[in-house]
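For reference, the structure is listed below as structure tokens.
Any read-out appearing in this document is the output of simple, stated calculations on the displayed coordinates, not a laboratory observation. Here the structure is a predicted model, which is why all the values come from computation and not from measurement. Cβ placement follows ideal geometry from the backbone for every residue including glycine, while neighbour counts extend to all protein chains displayed.
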Amino acid sequence: MNWIGIQRDVLTIRNMVCDRCKAAVARVLDEHGVQVKHIELGEVELERAPDPATLSAALIGLRKEGFDLVDDRTAQLITRVKSLIVGAVHHSGLAVPKAKLSGILSDALHKEYSTIGSVFTEVEGITIEQYFLLQRIERVKELIRYNELSFSEIADHTGFSSAAHLSAQFKQLTGMTPSAFKSSHAGARVELDKVGGASS
């Protein structure tokens, strides 16, 4: 591995999908003497680049916890896109409106959205918008399971224009309506890092 991320004192880490993941990664790195400056889903900024032996030991620790370092620029980009979308959909309280998604990704990744989209589709086999929709559907499933909100409220929380729009999209992607999903308890949720394309 050439550890491209290390040259910028940044690690790109696959399979970070929640705050518990961030805590686990921070703990493993701390245990191996790697000082963390800032941590986000999918990306860790370091105080300084660790030596190869320290990094190798930390990598073994991360893999034991189900994480992995990403050292290819394309893979790093895909990982960051997924992490940003997961964060927006599952951890911000509200899904990012589709109209703003392109701006958020462009600003965060310092690239044109068309470039990001082309790379993502080439690698994953689906568009960013499709991946965004799949993550929103997983969030809908989660909210249905909680049984605290009406379908209209769930639609509002996940960026659908109405309960009818939510129902149509949900049925198209899962094969059942939200009501059927709620009553059946048969529709399994998908692990967030397994949603979408080939390199999840």
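Normalised by 2.2 N^0.38 Å, where N is the number of residues, the C-alpha radius of gyration of segment 73-200 stands at 1.06. For GluC sites (Glu not before Pro), the sites in segment 11-101 that DSSP calls loop and that have at most 11 other Cβ atoms within 10 Å are Glu47. Taking 0.36 nm per residue of separation and subtracting the Cα-Cα distance, full extension of the segment from Ser179 to Ser92 would add 28.8 nm. Counting 0.36 nm for each residue step from Thr74 to Lys194 and taking away their Cα separation leaves a gain of 41.4 nm.
Taking every lysine pair in segment 73-200 that is 8 or more places apart or spans two chains, those with Cα atoms closer than 28 Å amount to 23. Across segment 4-71, Cα pairs under 8 Å and at least six residues apart give a relative contact order of 44 percent. Take every pair of alpha-carbon atoms less than 8 Å apart whose residues are at least six positions apart; their mean separation over the length of the chain yields a relative contact order of 19 percent. For segment 57-62, putting each phi into the Karplus relation 6.51 cos²θ - 1.76 cosθ + 1.60 with θ = phi - 60° gives couplings of 5, 5, 4, 4, x, 5 Hz, in residue order, rounded to whole numbers and with x for Gly and Pro. Estimated from helical segments only, the mean residue ellipticity of the chain at 222 nm is -17500 deg cm²/dmol, where each DSSP H run of four or more residues counts as -39500 (n - 2.57). Identify the residues of segment 12-38 with backbone N under 20 Å of a label point that sits 7 angstrom from the Cα of His110 along the Cα-to-Cβ direction, or state none. Under cut-off, by backbone N: 12-13, 37-38. The H on the amide N of Val10, modeled in the peptide plane, is under 5 Å from the matching H of Leu46, each at least 5 residues off or on a different chain. Axis angle, to the nearest 10 degrees, between helix 113-124 and the longest C-alpha principal axis of the chain: 90 degrees. Classification of segment 4-71 by its C-alpha gyration tensor yields a rounded form. The axis ratio a/c (a ≥ b ≥ c) stays under 1.5.
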